[in-house]
Amino acid sequence: MFGDHNPSGYNYHGAYGDLILTPDGKWFYHADAGHLAHIGGRPTSRGTAIDRLGEGESLKDTITIHSKDGTQHNIVITIEGSNDRPYCSGQVQLNTGAEDTRQIISTAQLLQNTVDVDANDAGKLTIEHLHADHGSILVNSDGTFTYTPEKDYHGPVYFNYNVVDKHGGVTHAEATTTLTAINDAPIIASPLTDTVTEDNLNVHQINLLDGATDVDGDQL
């Protein structure tokens, strides 16, 4: 039985694409990678299966054709996978933090908006080169990160980092959090001192706020 006939030849539907035989005997194979294919008006998973192929993986599509005299032929197409880098859909919004308070950030949090279509990279993404614009980052032995804010800073914090799959695919990603303000205690630069003489009953006035400051700008 022949495939579907069209002006350019005969079209045979395979498991992962279409084989087209032209009237002059040439053939072309079109793999359904990168989109949702339809056959007979119904969606198929042909493109999805190809997209999930990773580096070192392959699929075989065996398509049976028939010549005019009824002779059957099997054409085997091998589709080789390649590595797709991770995809990030947008900036990650981390939990709100507080001024002068460390935060523990997990890899799972930083990967909230990231996927990797390759099946052999699923669940194997890592974070590299994590930086913050207001503070420092410490990489912990359990795979988490400790963020230490700049002293007395409150407001938005932006993080940038790379998401890396196990086959070397790299995507740049970003995250943000907000540090709420806390009330800081006043600071006294130096102890107050004064001198009086024995038996002197004069009243001495001392400004107890000399040298005292408040980083929050509160009135003392």
Single residue of ALA132, ALA122, ALA175 found to be among the small types (Gly, Ala, Ser), closer than 29 Å to ASP51 by Cα, outside the structural domain of GLY54 (by TED's automatic domain parsing) and modelled with pLDDT of 95 or more: ALA175
Flag if PRO156 is closer than 30 Å to GLN93 by Cα, at pLDDT 60 or above, touching a Gly at 6+ places or on another chain (Cβ under 8 Å) and assigned by TED's automatic domain parsing to the domain that holds LEU125: no
Number of positions in the range 102-161 that are polar (S, T, N, Q), out of contact with any His (no Cβ under 6 Å at 6 or more places or on another chain) and part of a strand (DSSP E or B): 6
Residue within the range 74-88 that is under 18 Å from the mean Cα position of the chain (by Cα) and not in a loop (DSSP other than H, G, I, E, B) present: yes
Tabulated pairs, the range 7-28, first in contact (Cβ under 8 Å) with a residue 24 or more places away in the chain, second part of a strand (DSSP E or B) and of a type in the set (S, T, N, Q), C-beta under 9 angstrom, 6+ apart or interchain: TYR12/THR64; GLY14/THR62; ALA15/THR62; LEU19/ASN11; LEU21/ASN11
So GLY54, is it in the same structural domain as LEU19 (by TED's automatic domain parsing) and either among the hydroxyl-bearing types (Ser, Thr, Tyr) or outside any helix (DSSP H, G or I) (or both): yes
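The values are calculated or read from the model by the stated rules, or taken from the named source; none is laboratory data. Since we're looking at a predicted model, the values are computed, not measured. No Cβ is skipped: glycine too gets one built from the backbone with ideal geometry, and neighbour counts run over all protein chains shown.
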